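The values are calculated or read from the model by the stated rules, or taken from the named source; none is laboratory data. Nothing here was measured: the structure is a model prediction, and the numbers come from that model. Every residue, glycine as well, gets a Cβ built from its backbone with ideal geometry; the counts of neighbours run over all protein chains shown.
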Amino acid sequence: MTIFTRKTKTAYVLNAVLAAVAVITLVWLSVLRLGITFDFRFIGDFSKRIGLGFRMTVEISICSLVLSLAAGILAAVLQSGKILFLKYLASVYIQFIRGTPLIMQIYLFFYIIGTAWGIENRILSGILILSAFEGAYIAEIIRAGFANIEKTQLEAARAVGFTRYQTVRLVILPQMIAGTLPPLVGQFSSLIKDSSLLSMIAVIELTQTMREISALNFRLFECYFFLGILYLALTLPLSFIGKQLEKRYAFEY
């Protein structure tokens, strides 16, 4: 069994490397056919500026994650509640956000709603917009996680005399964590990528920083290629964590 496992892991690693080499080769051949020569010396010249943009992306993503979790939990609770007005309000919010593109929401909330209510700070506006957007998806993840809990388990908890608090702590929460944690990690990865659209309202995060640098040095390909590498540095570890969590909690299903 151990030998089989080692062979399987070796095969996975080998095929992953071959796939990566195939993609890199395709990109490299495309670059050669276009006659493009890369020059990444600008990274040293603008390292401080790039670092500030990278830091801003991380900070915006973390703040948006916290607020979107709160918004998602609240929306999921309201949607599952018995007060019809709040239930429909949460449903309209979720359907509107999930049914419209983020770029439209950025313009709508920043230039109309934000301006009407005096929210002029672009970073704050960006965090609120991202939080509202991701919160709708998180609400659906939480709702689906709760729906996957079998009613017989809740009935069994009541049968053995569990209080509502004990039922939540010992029955509902462990299964909710197992069912929602992996997709929540994946949603955080999407949040990081979605933060790039805040450049549309001139938030000086990573994408806007690289856009400004490319306008100065005219190294468009190099700037955006390096931009992709920086985003991968943030999202690949999260993807790995998500896969590990899926394996760990697979027994729940």
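Observations, loosely collected:
- In this structure, ILE177 qualifies as among the β-branched types (Val, Ile, Thr), surrounded by fewer than 18 Cβ atoms within 10 Å (Cβ to Cβ) and within 30 Å of MET56 (Cα to Cα).
- Lone qualifier among ILE229, ILE241, ILE213 - being within 14 Å of the chain's Cα centre (by Cα) and either part of a helix (DSSP H, G or I) or within 18 Å of ASP45 (Cα to Cα) (or both): ILE241
- Residue in segment 56-66 that is more than 17 Å from GLY126 (Cβ to Cβ), assigned to a helix (DSSP H, G or I) and out of contact with any helix residue (DSSP H, G or I) (no Cβ under 7 Å at 6 or more places or on another chain) present: no
- Complete set of residues in segment 32-62 that are under 12 Å from ILE192 (Cα atoms) and among the small types (Gly, Ala, Ser): SER61
- Contact map, segment 31-58: residues that are touching a residue at least 60 places away in the same chain (Cβ under 8 Å) paired with residues that are among the acidic types (Asp, Glu) and part of a helix (DSSP H, G or I), Cβ distance under 7 Å, separation 6+ or inter-chain. Pairs shown: PHE38/GLU222; ASP39/GLU222; PHE40/GLU222; PHE42/GLU222.
- Considering segment 124-169, and only residues there that are in contact (Cβ under 8 Å) with a residue 12 or more places away in the chain and of a type in the set (Asp, Glu), the residue that is surrounded by the fewest Cβ atoms within 10 Å (Cβ to Cβ) turns out to be GLU140.
- The single residue among LYS82, LYS87 that is in a loop (DSSP other than H, G, I, E, B) and over 28 Å from LEU230 (Cα atoms) turns out to be LYS82.
- Residues of segment 33-44 satisfying the condition of being in a helix (DSSP H, G or I) and loosely packed, with under 10 Cβ neighbours inside 10 Å: ARG33, LEU34, GLY44
- When the test is whether a residue is modelled with pLDDT under 90 and either in a helix (DSSP H, G or I) or assigned by TED's automatic domain parsing to the domain that holds ILE192 (or both), GLN105 does not pass it.
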